[in-house]
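Quick notes on the structure that follows.
The values are calculated or read from the model by the stated rules, or taken from the named source; none is laboratory data. Everything quoted here is computed from the prediction, not taken from an experiment. Glycine also receives a Cβ, built like all others from the backbone with ideal geometry; neighbour counts cover every protein chain displayed.
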Amino acid sequence: MDRKVTLAHGDGGELAHKLIQQIFVSAFGNQSESRFDATFLSLSSGKIAVTTDSFVVNPLFFPGGDIGKIAVSGTINDLSVAGAVPYCLTVGFIIEEGFPLADLRKVVKSLAVEAEKAGVQVVAGDTKVVEKGGADGLYINTTGIGLQREESTIDPSRIASGDAVLISGPIGDHGIAILAARGELGLMTDLESDCAPLNHMIDAVILGGVDVKMMRDPTRGGVATTLVELAEDFDAIIELEEEKLPIRDQVRGASDLLGFDPLYLANEGKVLFIVSESDRQKTLELLHQFPEGRDAAVIGRVTGKGVGQLLLETPLGSKRRLHRLSGMMLPRIC
Amino acid sequence: MDRKVTLAHGDGGELAHKLIQQIFVSAFGNQSESRFDATFLSLSSGKIAVTTDSFVVNPLFFPGGDIGKIAVSGTINDLSVAGAVPYCLTVGFIIEEGFPLADLRKVVKSLAVEAEKAGVQVVAGDTKVVEKGGADGLYINTTGIGLQREESTIDPSRIASGDAVLISGPIGDHGIAILAARGELGLMTDLESDCAPLNHMIDAVILGGVDVKMMRDPTRGGVATTLVELAEDFDAIIELEEEKLPIRDQVRGASDLLGFDPLYLANEGKVLFIVSESDRQKTLELLHQFPEGRDAAVIGRVTGKGVGQLLLETPLGSKRRLHRLSGMMLPRIC
Amino acid sequence: MCVGVPAKVIEKNEFTALVDVLGTKMEVGILFVPDVEIGEYVIVHAGQGMSIIDQTFAQASIEEWEKMARADII
Amino acid sequence: MCVGVPAKVIEKNEFTALVDVLGTKMEVGILFVPDVEIGEYVIVHAGQGMSIIDQTFAQASIEEWEKMARADII
Amino acid sequence: MRTLFEPKDSAVARELAQKVIKLADRCKEKTGVTPAFMEVCGSHTMALARSGIKLILQDHVRLLSGPGCPVCVTDQKQIDAMIEVAEAQNRIVCTFGDMMRVPGSKRSLLSAKTEGRDVRIVYSPLDAVRIAQENPDREVVFLGVGFETTVPVLAAALQLAELKQVENFSMWATTKLVQPVLRTLLSVKKVKIHGFLLPGHVSIVLGEQAYQFLADEFHMPGVITGFETVEMLSGIYKLLQMVLNDQPAILNNYKSVVRPDGNPIAQKIMNEFFTPCDETWRGMGMIPQSGLDIRDQYSHLNAKKKFNVTVGEPKKTLCRCGDMICGLATPDECILFGKACTPIHPVGPCMVSDEGSCSAYYAYMRKEG
Amino acid sequence: MRTLFEPKDSAVARELAQKVIKLADRCKEKTGVTPAFMEVCGSHTMALARSGIKLILQDHVRLLSGPGCPVCVTDQKQIDAMIEVAEAQNRIVCTFGDMMRVPGSKRSLLSAKTEGRDVRIVYSPLDAVRIAQENPDREVVFLGVGFETTVPVLAAALQLAELKQVENFSMWATTKLVQPVLRTLLSVKKVKIHGFLLPGHVSIVLGEQAYQFLADEFHMPGVITGFETVEMLSGIYKLLQMVLNDQPAILNNYKSVVRPDGNPIAQKIMNEFFTPCDETWRGMGMIPQSGLDIRDQYSHLNAKKKFNVTVGEPKKTLCRCGDMICGLATPDECILFGKACTPIHPVGPCMVSDEGSCSAYYAYMRKEG
Ligand code: SF4
Ligand code: SF4
Ligand SMILES: [Mg+2]
Ligand SMILES: [Mg+2]
Ligand SMILES: [Mg+2]
Ligand SMILES: [Mg+2]
Ligand SMILES: [Mg+2]
Ligand SMILES: [Mg+2]
Ligand SMILES: [Mg+2]
Ligand SMILES: [Mg+2]
Ligand SMILES: [Mg+2]
Ligand SMILES: [Mg+2]
């Protein structure tokens, strides 16, 4: 087999056939989609959850993961925070002509490993090859199907004053790890992306009997944007305490250098919980049992209902309002 | 709103929020995925079919359709030929920085119109923006979920000697229409791509009581590659008659000029049927009632079982074997 | 050696002509067939008209083949 | 006006130094602070060390603020 | 950085804030007006807002933003010209992230990039010289703005290009000086304030003496201040004390970083490559000798001389940036604020730079959605 | 095109095929050997295979592929040089689709493109001149191969570049002539055949007379033939008749297209820009005066002179292309065929070009998967 992906690998002919057989089928097991145009599944019930995301991360390989791992984590986490039990994934690859086959194999392997860890099957796949310059190496779409839980308590209408807001660990790791991995701005750090599927940890919290009213994964736009959207979507007033935000030193240092605010940095392995006040301790204890939840913290609370807004209490004690990320974060010198 | 898509439209912040509200939610209706990370569906049964495809067509707009139409057709057709009833779609956009918002609106509109025609809902979506030069304008992934039919007769193990092979219309229209639309090789034609969702027509054939044993949509790689794969997957010997292949004059003319073989040209609105011998006429009659099936024809038959192969009987009466597309089709002068 | 396709001239300019091959059109050079007239056929190779087709001979050929096919070979 | 961040010098070359800001490292210029020594802190602006931090004054400031905070204002 | 300039306990900051409030109220009792101070530096504007100081002090001390955001004070015509520079094919334009969204008359650098121009963000101007070395076939232009902190770094980039003979590198510099603008604010604009929070990082280069004229000529106190919460609070505290005692002076509250005579090496290289020139300030007009331009002997490095860029008169907008940077208005007094003018669609540069008073107000003081 | 050269009814073709078989069998009866004809032209190779003629006649007439695929006969060293030309940065290389997959010693043009080189497929060589006009900053090289049909078109491209003074355009031409190679096949290679199916489209340029030496000097019949099923069958029919009657002659079975004296305009422009030269043929070695090179007065358009390209000796493979094009072997006799050598991973050029005997055999004659 060639060492690079060529346009012919995406032309539906003999090379495409070989690529699918040698890379995808061997990693994901027999995919009946390739024989039937679609894969048939018998789910225990017709109550399902569906989500889709494309992944365009640059660089493709970074400390703590790669695009394959993130493509699984992102979709597993979306299903999980929606309160569903992830069941299966579809995977669509868009590959730039000239992409090294060895790298493709690595990505597919990592995708398969993470799916296996998360306990979900890859049930359908697709590969397209675009001309050199038509993509930045590799893009992946994953679409996830999950099963609705009987025991789910998720219901944002139940969000009430006093509810606790928790995060499963330190914020901004992914954003800074990726920026450093790009090497453009000269940042050097041993920070790793937090990207990871969180379904088992979320399972433990829900099956542990915590009264979870809402979950979200603070990916693009960070904790601030995610909580602003949540507050607005469900008419809640949420207050965070700046001093309680778990932030790693390296993230603080890099943010200081570039003039970034960690509240707006992307995370790929974190979940925000809104739980009833009485369950905050129990939630923390359950989270702390998982490596991904070791540094989980209560970072704020719901202080009222009404026109949704997110407030931040600074160490000085004054409260300022947080808004969505406005435009991109750009490194600044002034 | 800006006239071009910017990186900030994909950053998860305020602009991304507006883009989703103004373009996607308005086209597809309220998408609860944006509030819950996943969309919840209650299907009538847990027996489902799943398929995924990415669409990277160039140019994005071409006679007979655009990337939005094709993204719906492709996935609807994959579900339909698998014998399932298309139920819903997810849509993932990867957009190049600088892409005109007006074009995005057109694509989204066309996607919504086709989904509506096909009677499926768009239940989840995602938008990523990549840097200028990181994509060729716009790529779309669609993933489809369909419901298994009670009444389906699809079962390739039932393929037997004597079964008829039909195609729902002339071959190669899409391949040549796209090539001409690119304008690179100087081809001019009024040919339109055949891209269309075929679920209603396929419904009619199945509900009309035809004993359909297998269907496939001959997309990339064309009729030849598709039937070779089918023959090999299900151990059938299939013979086509060259003179019976429906091919439009313009497709013949363009193929002559460039040295292409229409049997390997892509189709985006055709379906191949294998039906029992006694149903060939009934199938034709049912297909002829649809505009997309007006030129449907019987093009061959199954002549035996064993090591799968595809044969072509030439007008001379000799039979030669057809193989998968080998490498890309390149225009040739010698 | 050389793919060549018969194409009908439907428009003629100074150095080029628009030709039609079964409904597909293309602009080709007529440097080598400057006298071609609209309605005539040319053999196109690599974007150039190479030869004007003599329809009388074309018709004669068809008749010859039909005769050949019917011929008795003892 | 000018984002400036205190950074600890952990390696020193002729024209540049490797600095550490809470664990994140960066190569910065030391054209304006040629005498900086490993272990000292500099204020970094736009990729250059602009000033060596005098830790005695830094400590004195903290003490002054604490006194200020405790001061009685009548 | 918290470990160096912050007390371990944030209780100190909270108590200090209370002391500042008490002192401010006594000041008002005594003088009959709310004490008003101008933070000259845009980084102060942002840090004051982000830390919550502006909010917590708002009924006790008026904190006015000054002309200290280099993006905000850059003349619209210069911005149009810089964007024009980026329009040429086969050119690489490098700049600070801060410049990307600044609206020109027709577009911004970001929209030029969106259209396909090669506009790159660098953290250090010296990186732009390296980019020029790596792309010998293309002209690389660095768009440089800044006050005295940044100008030495711009000079360092010019020095590197000169040393390595990087012929495809040049710089479009639009720089500003603090002293002339402070003098203009006081003598021409007649700004009504009681003291200045002086810029910590500009002072690294200039030293303490640069501001002595404020106390001597204008009877105006000033405190050179760092950017941590306690640093800023203590600076305000000292200003209030001087107002109360009517003993204006220039105090250095950032001694660990700012030397009495500044940084002589930085001053030297700045003077080697730059020479004073008249500059037009946004909303303030031309102020004589208030900027620095590349010296004639380095004209080959001066993009203004290397390329022929002509731009028309900028279109007028309702933007009140000029008033903002003179401390004559607060952002909520501009009718465009938060409506036609937001960080995503900024009308004026004060909304673009994170340091801009309107941007800081939008991010940290705004109450509405 | 079916409507012009085909009878309405494909029954004619089927009956004609039966007549050919009968005639061939009579021929064998008479001579004791299966009649063997060489189709010189690669387009015939492909059309004979694709139409099913090769299959239906296989036990009655041996149809051998000749040296008429320009890609297949191009010397490995030329191919390496052409790929080398494409390696330079900032260069645009244009060529026919046929050339893209031809394997050089290390890579193909297609893999150069995959690596990021700018290699473009054009349908007409004149398009490459236009591409050069649109990209004045870049060198545009057209890689041209071909026999006498294609050479006039290459000359037309050179003429256009000369006329429009397109200084960044040049051509790497490796062209071949039919007459010298036919002579070599018969006199040096001693090919055992009974007649030639002569190339319809080369004959457009050359005319009928070009082949007279076959009958006169070698007692070898030849029929100029088109590419439709009936045209080819009737050509074989006529060859068989001449063999049976032992009356070798050169017949024109493609009179509607091929004139006795060919196309004088095409001959003229070809001679204006090209001059005969010695050429190395793959697997056959050097044949004196068997190719055409760009005339010295147009050296500025000659990429071989414009660029300094050196390539080492090509690596040896087991490829038997040389034997294929001499009619000395059929593809299934090569041990690499269908195993190490497939259209996706071709070892030799005969597997690349659709006209190549191995490629046509792979696509249309192969029985296995
Ligand atoms: S809000 Fe906008 S328009 Fe108004 S002064 Fe600020 S920057 Fe200018
Ligand atoms: S099969 Fe391949 S290796 Fe063998 S002769 Fe043909 S091209 Fe050469
Ligand atoms: Mg999702
Ligand atoms: Mg997501
Ligand atoms: Mg999410
Ligand atoms: Mg697919
Ligand atoms: Mg790229
Ligand atoms: Mg599919
Ligand atoms: Mg498909
Ligand atoms: Mg399909
Ligand atoms: Mg998403
Ligand atoms: Mg592009």
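Can you say whether B:Ile171 is within 18 Å of the chain's Cα centre (by Cα), within 14 Å of C:Thr24 (Cβ to Cβ) and β-branched (Val, Ile, Thr), as far as the supplied structure shows? Criteria not met by B:Ile171.
From the list A:Lys128, A:Lys132, A:Lys117, A:Lys109, the one residue that fits, being touching a residue at least 60 places away in the same chain (Cβ under 8 Å), among the basic types (Lys, Arg) and touching a Ser or Thr at 6+ places or on another chain (Cβ under 7 Å), is A:Lys128.
Those helices (runs of 4 or more DSSP H) of the stretch F:1-73 in which 3 or more residues are polar (S, T, N, Q) and surrounded by 24 or more Cβ atoms within 10 Å (Cβ to Cβ) occupy F:42-51. Scan the stretch E:169-190 and give yes if some residue there is surrounded by fewer than 24 Cβ atoms within 10 Å (Cβ to Cβ) and more than 18 Å from E:Trp281 (Cβ to Cβ), otherwise no. No - not one qualifying residue is present in the stretch E:169-190. Under the condition of being small (Gly, Ala, Ser) and surrounded by fewer than 22 Cβ atoms within 10 Å (Cβ to Cβ), the residues counted in the stretch E:230-258 number 1. Summed over the stretch B:182-205, the residues that are touching a Ser or Thr at 6+ places or on another chain (Cβ under 8 Å), closer than 30 Å to C:Glu11 by Cβ and crowded, with 19+ Cβ neighbours inside 10 Å give a count of 3.
Do we find a residue being within 16 Å of ligand 9 (Cβ to nearest atom) and either more than 19 Å from B:Lys132 (Cα to Cα) or out of contact with any Asp or Glu (no Cβ under 7 Å at 6 or more places or on another chain) (or both) anywhere in the stretch A:147-163? So far as the stretch A:147-163 goes, no, none of its residues is within 16 Å of ligand 9 (Cβ to nearest atom) and either more than 19 Å from B:Lys132 (Cα to Cα) or out of contact with any Asp or Glu (no Cβ under 7 Å at 6 or more places or on another chain) (or both). Of the residues making up the stretch D:14-37, those that are free of Cβ contacts under 8 Å to residues at least 12 places away in the same chain, more than 13 Å from the chain's Cα centre (by Cα) and in a loop (DSSP other than H, G, I, E, B) are D:Glu14, D:Gly23, D:Pro34. Of B:Leu19, B:Leu15, B:Leu60, all but one fail to be within 16 Å of ligand 11 (Cβ to nearest atom), on the phi < 0 side of the Ramachandran plot and more than 8 Å from chain A (Cβ to nearest Cβ); the exception is B:Leu19.
Would the stretch E:315-324 turn up any residue that is in contact with a Ser or Thr (Cβ under 7 Å, 6 or more places away or on another chain) and either more than 16 Å from ligand 3 (Cβ to nearest atom) or aliphatic (A, V, I, L, M) (or both)? Yes, some residue in the stretch E:315-324 is in contact with a Ser or Thr (Cβ under 7 Å, 6 or more places away or on another chain) and either more than 16 Å from ligand 3 (Cβ to nearest atom) or aliphatic (A, V, I, L, M) (or both). A single entry from E:Phe213, E:Phe274, E:Phe218 fulfils the requirement of being more than 21 Å from the chain's Cα centre (by Cα), at pLDDT 95 or above and aromatic (Phe, Trp, Tyr): E:Phe218.
When we screen E:Gly52, E:Gly68, E:Gly42 for residues that are in contact with a helix residue (DSSP H, G or I) (Cβ under 6 Å, 6 or more places away or on another chain) and within 14 Å of chain A (Cβ to nearest Cβ), the only hit is E:Gly68. Of the helices (runs of 4 or more DSSP H) that lie entirely inside the stretch F:295-369, those containing 3 or more residues that are within 14 Å of chain B (Cβ to nearest Cβ) span F:357-364. Of the conditions (1) within 30 Å of A:Asp78 (Cα to Cα); (2) more than 9 Å from every other protein chain (Cβ to nearest Cβ); (3) away from ligand 11 (no atom under 16 Å from the Cβ); (4) surrounded by 20 or more Cβ atoms within 10 Å (Cβ to Cβ), B:Arg149 fails just one. Which one is it? Looking at each condition in turn, B:Arg149 falls short on (4). Residue check: is A:Phe28 more than 11 Å from every other protein chain (Cβ to nearest Cβ), at negative phi and either out of contact with any helix residue (DSSP H, G or I) (no Cβ under 8 Å at 6 or more places or on another chain) or in contact (Cβ under 8 Å) with a residue 24 or more places away in the chain (or both)? Considered against the rule, which asks whether it is more than 11 Å from every other protein chain (Cβ to nearest Cβ), at negative phi and either out of contact with any helix residue (DSSP H, G or I) (no Cβ under 8 Å at 6 or more places or on another chain) or in contact (Cβ under 8 Å) with a residue 24 or more places away in the chain (or both), A:Phe28 comes out as yes.
From the list A:Thr90, A:Thr52, the lone residue that is touching a residue at least 60 places away in the same chain (Cβ under 8 Å), under 23 Å from the mean Cα position of the chain (by Cα), surrounded by 24 or more Cβ atoms within 10 Å (Cβ to Cβ) and more than 16 Å from ligand 1 (Cβ to nearest atom) is A:Thr52.
Of the set (1) touching a strand residue (DSSP E or B) at 6+ places or on another chain (Cβ under 8 Å); (2) more than 14 Å from chain A (Cβ to nearest Cβ), all apply to B:Asp173 but (1).
Taking the stretch C:18-43, which residues are facing another protein chain (nearest Cβ under 7 Å) and within 18 Å of B:Leu185 (Cα to Cα)? Residues satisfying the conditions are C:Val21, C:Leu22, C:Gly23, C:Thr24, C:Lys25, C:Met26, C:Glu27, C:Gly29, C:Ile43.
Of the residues making up the stretch F:10-43, those that are of a type outside the set (D, E, K, R) and under 20 Å from F:Arg183 (Cα atoms) are F:Ala36, F:Phe37, F:Met38, F:Val40, F:Cys41, F:Gly42. Check whether at least one residue in the stretch F:283-301 is among the basic types (Lys, Arg) and in contact (Cβ under 8 Å) with a residue 40 or more places away in the chain, and report yes or no. No, the stretch F:283-301 contains no residue that is among the basic types (Lys, Arg) and in contact (Cβ under 8 Å) with a residue 40 or more places away in the chain.
Any residue at all in the stretch B:24-33 that is within 29 Å of the chain's Cα centre (by Cα), within 15 Å of ligand 5 (Cβ to nearest atom), under 23 Å from B:Glu96 (Cβ atoms) and of a type in the set (Val, Ile, Thr)? No; the residues of the stretch B:24-33 include none that is within 29 Å of the chain's Cα centre (by Cα), within 15 Å of ligand 5 (Cβ to nearest atom), under 23 Å from B:Glu96 (Cβ atoms) and of a type in the set (Val, Ile, Thr).
Among the residues of the stretch F:76-116, those that are in a helix (DSSP H, G or I) and touching a residue at least 60 places away in the same chain (Cβ under 8 Å) comprise F:Gln76, F:Lys77, F:Gln78, F:Ile79, F:Asp80, F:Ala81, F:Met82, F:Glu84, F:Val85, F:Asp98.
Residues in the stretch B:37-80 that are small (Gly, Ala, Ser) and within 14 Å of ligand 10 (Cβ to nearest atom): B:Ala49, B:Ser54, B:Ala71, B:Ser73, B:Gly74, B:Ser80. Filtering the stretch B:118-134 to residues that are at pLDDT below 95 and not in a strand (DSSP E or B) leaves B:Glu131, B:Lys132, B:Gly133, B:Gly134.
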